[in-house]
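Chemist: Questions regarding the structure given below will be posed in turn.
The values are calculated or read from the model by the stated rules, or taken from the named source; none is laboratory data. Predicted, not measured: the structure shown is a model, and the values here were computed from it. Using ideal geometry, Cβ is built from the backbone for each residue, glycine included, and neighbour counts are taken over all protein chains shown.
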Amino acid sequence: MDRTTVIGFVLIAIVLMVWIWMNSPTPQQQKNVSNDSISTSQNNLDTLNKSTSPPISSLQTEQDSLGKYFSPLIAGQADIYKISTDVINAEISSRGGAITSWELKKYSTWNGYTVNLINRDNTNNGDFNLLFYTSDGKLINTKNLQFKPLSNINRTSNLSNKDSLSIDFALSVSPKSKILKSYTFYKDKYFVNVTYKFEEMDSIISNYEYQVVWETGLNYQERNSVDESSFAMAYSYAGGELTEIDASSVGEPPVRENISGLVKWVASRNKYFGIAILPQGIESRGAYLEGVNHKLPDNGTKEYYHIGIKTPYLGRQSETSRFTLFLGPLDFDLVKSFNVDLDQIMSLGAVWIIRPISEFIMIPLFKFLHLFIPNYGIVIIIFSFIIKITLHPLTKSSMTSMKKMQSLQPMIEEIKEKHKEDPQKMNMQVMRLYKEYGVNPAGGCLPMLLQMPILYALWSVFQSTIELRQASFVGWITDLSIPDVIAKLPIALPLFNITEVSGLSLLMGITMFVQQKMTVKDPRQKMMIWLMPILMTLLFNSFPSGLNLYYFIFNLLSIGQQYWITKQHKDKPPQKVQPKKSGSLFSYLTKALPKLK
């Protein structure tokens, strides 16, 4: 391995490490709680999720009276209506006709409780409400108003014996003027269809516009709130363009974005779950996004996002608007099924090159393997074999090129010693040597560069795929979506702020060391043997165990491949490349014409 190759490897490593560092989660900052202290763990989770959401100044109604139309409708005692389907348990309150609970039956929090996506605290009366101005100049938020059921609704409903169920509420402003709100739930769906109907509200609603809003974001569900915050964002999709905001800085003012035009949907997400509002059959006027990041008492963070669809009000005697509200897991196939590009909120890498690899190769292959193999750890191992076989031509070319470079090293050293006073001539002689023996100086680097998009795509998939969430493998590896901790340090390591040791990252580092030992032969480059494995081990220590398992197996396979190639070239002297015989038509005619004469 000559100087050029070493520089190439160093540059590739720097690019890889900088990219991963920029996209990696901040190390664990929440208090560590053992699995056998569930009650304490739940208290910590409640503290995180019940933090009062930040005020959104442009949409506050607390300091503004309800005016002559809505003052009599201020909510009193709330009645709760419970709906159970195959996949969710939901609660709807008569206060605002709002959703106050949305549990996902098939998913649990990191400490064993059912996932509930609604931020529930004493200041939250539920979510998915209307905002509009009245003709007497008041900003109304229906979350504080008393809705009444239109029919004899059961307090508890179960869809086990039916495909759908509708629940209807009414906000009666006067005997003739009212707002009707209807929910339609489905047996096996993570979404609900919501209908708003306005009857003779033309003299009450002003500005010919109202907003359908979700104000409180989503509950956090994972152990590491800092990691979860790194994925939290809000989006809108209009005119084929995705607008996104990220409230990434704690203590900074809210990030806001107003979007004009026809909006297909607005959405918000945390690491594994999302919410989306999709207007159905109406011409929306735009969207509003707002987000802020708050620091929690336990030094974690939590981001709150307000999303809303601006909807035209035409002032007719009766008019209706319909929306689909999705609240569920960020499963790629599930999100893709909406057919409105909602999958844009998935973190699958850069759109122009990484995302297609993730979307059309990695995820389908990953799910296909799981059809036959229930253990995701084994799926990752098989996945590693498939990727290694696919990349074999590239890695074989790289390793073969390095072996040739090593075999030429004595000749290169001889040239350098002979022409050390004339660098220009020395370089010319070295390049001539490469040409004679058919060696490409960049042959070891180019295949690695070509592998980068695949490696980045794997990184994106393993970082965000919900299939790995809480999926166990063997032994101490109980969750492939988080680091596998085998030990805790008494003090944090400087720079990397590491307090816990990942077993798979250590194994990955060891295999990388062995691979470097087999590859690097130049005594002047011995530092590379231990430096890169140490740096990569420290960097990968906070990464998901599924990702480290993949790299560990991949490195083992690379060691086997390197051993095989080394054995093939063992004691084999370098051979010059035979000049290619000319096969052109001109050359043939040149030789043939004299014979014809």
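Chemist: Can you tell me which residue in the range 320-377 is surrounded by the fewest Cβ atoms within 10 Å (Cβ to Cβ), limited to those that are in a loop (DSSP other than H, G, I, E, B) and small (Gly, Ala, Ser)?
Modeler: Only one residue tops the list, namely SER337.
Chemist: Turning to a different aspect of this structure: Kindly indicate which of LYS388, LYS403, LYS336 is basic (Lys, Arg) and assigned by TED's automatic domain parsing to the domain that holds ILE277.
Modeler: Answer to the check: LYS336.
Chemist: In this structure, does ASP188 turn out to be farther than 18 Å from SER71 by Cα and either at pLDDT below 90 or surrounded by fewer than 17 Cβ atoms within 10 Å (Cβ to Cβ) (or both)?
Modeler: yes
Chemist: Additional query: Any chance you could count how many residues in the range 79-93 are surrounded by fewer than 16 Cβ atoms within 10 Å (Cβ to Cβ) and under 14 Å from ASP188 (Cβ atoms)?
Modeler: 1
Chemist: Now, a different point. Pick from the range 230-244 the residues that are touching a residue at least 60 places away in the same chain (Cβ under 8 Å) and in a strand (DSSP E or B): which of them is farthest from GLU209 (Cα to Cα)?
Modeler: Ranking the qualifying residues of the range 230-244, first place goes to MET233.
Chemist: Let me ask you something else. Tell me the residue from GLU228, GLU244 that is among the charged types (D, E, K, R), under 21 Å from the mean Cα position of the chain (by Cα) and closer than 24 Å to PRO544 by Cα, please.
Modeler: Sole residue among the options that is among the charged types (D, E, K, R), under 21 Å from the mean Cα position of the chain (by Cα) and closer than 24 Å to PRO544 by Cα: GLU228.
Chemist: Go through (1) modelled with pLDDT under 85; (2) among the polar types (S, T, N, Q); (3) touching a Phe, Trp or Tyr at 6+ places or on another chain (Cβ under 8 Å) and name the single condition SER248 misses.
Modeler: Going through the list (1) modelled with pLDDT under 85; (2) among the polar types (S, T, N, Q); (3) touching a Phe, Trp or Tyr at 6+ places or on another chain (Cβ under 8 Å), SER248 breaks only (3).
Chemist: I've got another one for you. For the subset of the range 79-138 comprising residues that are charged (D, E, K, R) and under 19 Å from SER166 (Cα atoms), which member is modelled with the lowest pLDDT?
Modeler: ASP79
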